[in-house]
Amino acid sequence: EAGVAQSPRYKIIEKRQSVAFWCNPISGHATLYWYQQILGQGPKLLIQFQNNGVVDDSQLPKDRFSAERLKGVDSTLKIQPAKLEDSAVYLCASTGQGWVGELFFGEGSRLTVL
Amino acid sequence: SQKIEQNSEALNIQEGKTATLTCNYTNYSPAYLQWYRQDPGRGPVFLLLIRENEKEKRKERLKVTFDTTLKQSLFHITASQPADSATYLCALHTNAGKSTFGDGTTLTVKP
């Protein structure tokens, strides 16, 4: 079974530029999450999708971050414009058991904002 | 405010000993709690899940306890090996479907 795929693995941009990250969850997984993990901290939830609907985006900085999951499968997270404090690893996770059960994480996309 | 605290940022133990990691929380009513392992440059990997009505779960050399009165979970690795060296994250999940991770404890097992 293929795992959660994320790309790119690494991205370096200058502040005020834009960046997009892509995630393809495990086949059949209805729930998809985007987390931000700053160095030395635990993952912080940005947004949760159930199929193509948003379940929770309360911690998403909506003035600069956006995410979509148009067909209920893969998802894109965009940051525009980026700030220095956005430097982090962006992790995508999925689960096929609704809200109960293990989360399957991708390897993450490491963003450096200069 | 809601808070999750994992014990000291780093834990160093000798190979063969038991590692005990703690996860304390305040102002949560978790339905269940999970433990994950994260290696440098990798995503977290699920280890164990324990529900609010369970006291203890075991999986091979791993054991987790959950005390909702003390608001604490303990994670034990028995007969630790250098390969167990990693960061361990606890995550609380509520019935409302919200999940929150602690900042993790980095375990180093020395040969």
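Among the criteria (1) out of contact with any Lys or Arg (no Cβ under 8 Å at 6 or more places or on another chain); (2) within 14 Å of chain B (Cβ to nearest Cβ); (3) more than 23 Å from B:Tyr88 (Cα to Cα); (4) not polar (S, T, N, Q), the one A:Tyr10 does not fulfil is (1). The single residue among B:Glu56, B:Glu60 that is surrounded by fewer than 17 Cβ atoms within 10 Å (Cβ to Cβ), at pLDDT 95 or above, closer than 27 Å to B:Gln14 by Cα and in contact with a Lys or Arg (Cβ under 8 Å, 6 or more places away or on another chain) turns out to be B:Glu56.
Can A:Leu46 be described as closer than 22 Å to A:Arg9 by Cβ, part of a strand (DSSP E or B), out of contact with any Cys (no Cβ under 9 Å at 6 or more places or on another chain) and modelled with pLDDT of 95 or more?
yes
Do you know which of the residues in the range B:90-111 that are aliphatic (A, V, I, L, M) and out of contact with any Asp or Glu (no Cβ under 8 Å at 6 or more places or on another chain) is farthest from the other protein chains (Cβ to nearest Cβ)? Let's see the steps before the verdict.
Keep residues of the range B:90-111 that are aliphatic (A, V, I, L, M), which gives B:91-92, B:96, B:107, B:109.
Adding the requirement that they be out of contact with any Asp or Glu (no Cβ under 8 Å at 6 or more places or on another chain) leaves B:91-92, B:96.
On the way: B:Ala91: 8, B:Leu92: 11, B:Ala96: 8 Å.
So, considering only residues that are aliphatic (A, V, I, L, M) and out of contact with any Asp or Glu (no Cβ under 8 Å at 6 or more places or on another chain), the one farthest from the other protein chains (Cβ to nearest Cβ) is B:Leu92.
Out of the residues in the range B:47-61 that are within 14 Å of another protein chain (Cβ to nearest Cβ) and in contact (Cβ under 8 Å) with a residue 12 or more places away in the chain, state the one that is farthest from A:Phe105 (Cα to Cα).
Only one residue fits best here, namely B:Glu54.
Here B:Ile4 fits the description: assigned to a strand (DSSP E or B), farther than 23 Å from A:Pro25 by Cβ and at the interface with chain A (Cβ under 9 Å from one of its Cβ atoms).
Can you find, within the range B:34-46, the residue that is surrounded by the fewest Cβ atoms within 10 Å (Cβ to Cβ) among those that are more than 9 Å from chain A (Cβ to nearest Cβ) and outside any loop (DSSP other than H, G, I, E, B)? Show your work before the answer.
Step one: filter the range B:34-46 for residues more than 9 Å from chain A (Cβ to nearest Cβ), giving B:35, B:37, B:39-40.
Imposing the further condition that a residue be outside any loop (DSSP other than H, G, I, E, B) reduces the set to B:35, B:37.
Details: B:Trp35: 23, B:Arg37: 18.
Once the filter is applied, the top-ranked residue is B:Arg37.
Condition test on A:Leu91, is it in contact (Cβ under 8 Å) with a residue 24 or more places away in the chain, in a strand (DSSP E or B) and either in contact with a His (Cβ under 9 Å, 6 or more places away or on another chain) or closer than 23 Å to B:Tyr36 by Cα (or both)? When the stated conditions are applied, A:Leu91 passes them. Considering the range B:72-84, and only residues there that are surrounded by fewer than 17 Cβ atoms within 10 Å (Cβ to Cβ) and not in a strand (DSSP E or B), the residue that is nearest to the other protein chains (Cβ to nearest Cβ) turns out to be B:Ala83.
Filter the range B:94-106 for residues that are over 14 Å from B:Val45 (Cβ atoms) and within 13 Å of the chain's Cα centre (by Cα); which is surrounded by the most Cβ atoms within 10 Å (Cβ to Cβ)? Before you say what the answer is, go through the steps one by one.
As a first pass, look at the range B:94-106 and keep what is over 14 Å from B:Val45 (Cβ atoms): B:94-100, B:102-103, B:105-106.
Filter once more, so that each one left must be within 13 Å of the chain's Cα centre (by Cα): B:100, B:102-103, B:105-106.
Details: B:Thr100: 19, B:Gly102: 26, B:Asp103: 18, B:Thr105: 21, B:Thr106: 18.
That would be B:Gly102.
Considering only residues in the range A:26-45 that are touching a residue at least 40 places away in the same chain (Cβ under 8 Å) and under 11 Å from the mean Cα position of the chain (by Cα), the one that is farthest from A:Leu91 (Cα to Cα) turns out to be A:Leu32. Would you be able to say whether some residue in the range A:61-82 is under 22 Å from B:Thr100 (Cβ atoms), within 14 Å of chain B (Cβ to nearest Cβ) and surrounded by 14 or more Cβ atoms within 10 Å (Cβ to Cβ)? For the range A:61-82, residues under 22 Å from B:Thr100 (Cβ atoms), within 14 Å of chain B (Cβ to nearest Cβ) and surrounded by 14 or more Cβ atoms within 10 Å (Cβ to Cβ): absent.
The values are calculated or read from the model by the stated rules, or taken from the named source; none is laboratory data. Just so you know, these numbers come straight off a predicted model, no measurement behind them. Glycine gets a Cβ as well: all are built from the backbone with ideal geometry, and neighbour counts include every protein chain shown.
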